[in-house]
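*Asks:* Please find one structure pasted underneath; my questions will follow.
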Amino acid sequence: MSRRWSGEWGRPAPSQEPALDVLIPSYGRAAELAVTLSGLAAQDGPVFSVILSDQTDGEPVWEEPAVAAMVRVLRAQGRPVTLERNLPRRGVAQQRHILLERSRAAQVLFLDNDVWLEPGMIARMHAALNEAGCGFVGAAVQGLSFLDDYREHELEPLELWERAVRPERVRRDDPSFGRWALHNAANLTHAAAELSLAREDWRLYKVAWVGGCVLFNREALVECGGFKFWDQLPADHAGEDVAAQWRVMERYGGAGILPSGAVHLESPTTVPHRETDAADVVLGVDGV
């Protein structure tokens, strides 16, 4: 269970070593970050810490009252929160590299700063990764403005892992790449409803990759190079998460989780320039 206050605000229960570190790369979006942190504060076990790497122009994002308040809540719960500035901006891959270097727990959850997690989501992902023994389990973010937009054709690639999650190779020219459409709109919310999954239940499925909320076995991610490739990229790039996940998938396997329970706040992206795709640079345009 999570560490709660011992009768009074500011008096956390006895500390334990975190089972996982939540790693948040952040630039601007103070209101969204406050919502993200509120979702973390509502989680029950396992014990986790939070590491925030901020690249906001001007004052750091944690100076904003709503963000500062949620940092205080997490700390009062006994959850360590580390706040770091990472300037100048050198791209999202470098942000993720710095965060991974700061982490120490056996599992690391890369969580974007515009994602709200429903209560129990971290516990569900933690249990799934432990049971599956693979490299990562991701919760694809859901745009709930699309709840009435049922896309049967985009759900066609859904394939559950019926047995153990196995290593697999995914590239743009592979049929497996077509799974990307699963993560559009609110597709997985519809899929979970059709499977009649209770909140405490979960199933793993095959992915092309997962964006926004991915729990890694830290040792597996580091062994596959993590995000050390950041210095091969210009500051304006995208797809760094795809490159890292494809490497991990080939060696250890990776999966998505149903139900997702990760809600996208649907704010404008902070990475508008996507001319350079990290997967093309790191793995080669031909997918080697």
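Each reported figure results from applying straightforward, stated rules to the coordinates on display, with no laboratory input. Given the structure is predicted, the values throughout are model-derived calculations rather than measurements. Here Cβ is always computed from backbone atoms with ideal geometry, including for glycine, and neighbour counts include all displayed protein chains.
*Asks:* Would you work out the charge dipole size for the chain about its Cα centre, treating the Cβ of every Lys and Arg as +1 and the Cβ of every Asp and Glu as -1, and quote it to the nearest 20 debye?
*Replies:* Values: 29 positive and 41 negative charges, 197 e Å.
Using only the charged Cβ atoms, the result is roughly 940 debye.
*Asks:* To the nearest 0.05, how large is the calculated FRET efficiency for F177 and A31 if R₀ is 35 Å and r is the Cβ-Cβ distance? All intermediate terms of the calculation are to be shown ahead of the outcome.
*Replies:* Details: r = 34 Å, r/R0 = 0.99.
So, using R0 = 35 Å, E works out to roughly 0.50.
*Asks:* Tell me which of Q94, S176, Q142 sits at the most positive position along the dipole axis of the chain, charges placed on C-beta atoms (Lys, Arg +1; Asp, Glu -1).
*Replies:* Q94
*Asks:* Note the direction-averaged projected area, equal to a quarter of the hull surface, for the Cα convex hull of segment 20-282, in nm².
*Replies:* Working: hull surface 51.7 nm².
The orientation-averaged projected area of the Cα hull of segment 20-282 comes to 12.9 nm².
*Asks:* Round to the nearest 0.05 the FRET efficiency obtained for L147 and A127 when R0 = 35 Å and r is the Cβ-Cβ distance.
*Replies:* On the way: r = 27 Å, r/R0 = 0.76.
It comes out at approximately 0.85.
*Asks:* About the Cα centre of segment 138-218, how large is the charge dipole given +1 on each Lys and Arg Cβ and -1 on each Asp and Glu Cβ? Please answer in debye to the nearest 20.
*Replies:* Working: 11 positive and 13 negative charges, 108 e Å.
Dipole of segment 138-218, to the nearest 20 debye: 520 debye.
*Asks:* Under a Cβ-Cβ cut-off of 11 Å, what is the net charge of the residues other than S176 that fall near it, where Lys and Arg count +1 and Asp and Glu count -1? Intermediate values should be presented prior to the final figure.
*Replies:* Working: positive: R169, R171, R172, R179, K206; negative: E159, E168, D173, D174.
Once positives and negatives cancel, what remains is +1.
*Asks:* Report the one residue of G284, V67, A19 whose Cα lies farthest in the direction of the positive end of the charge dipole of the chain (charges on C-beta: Lys and Arg +1, Asp and Glu -1; origin at the Cα centre).
*Replies:* Going by the charge dipole, the pick is A19.
*Asks:* Which order, highest average first, do 44-53, 21-30 follow once you tally other Cβ atoms within 10 Å for each residue and take the mean per peptide?
*Replies:* Values: 44-53: 20.2, 21-30: 22.4.
The packing order, highest mean first, is 21-30, 44-53.
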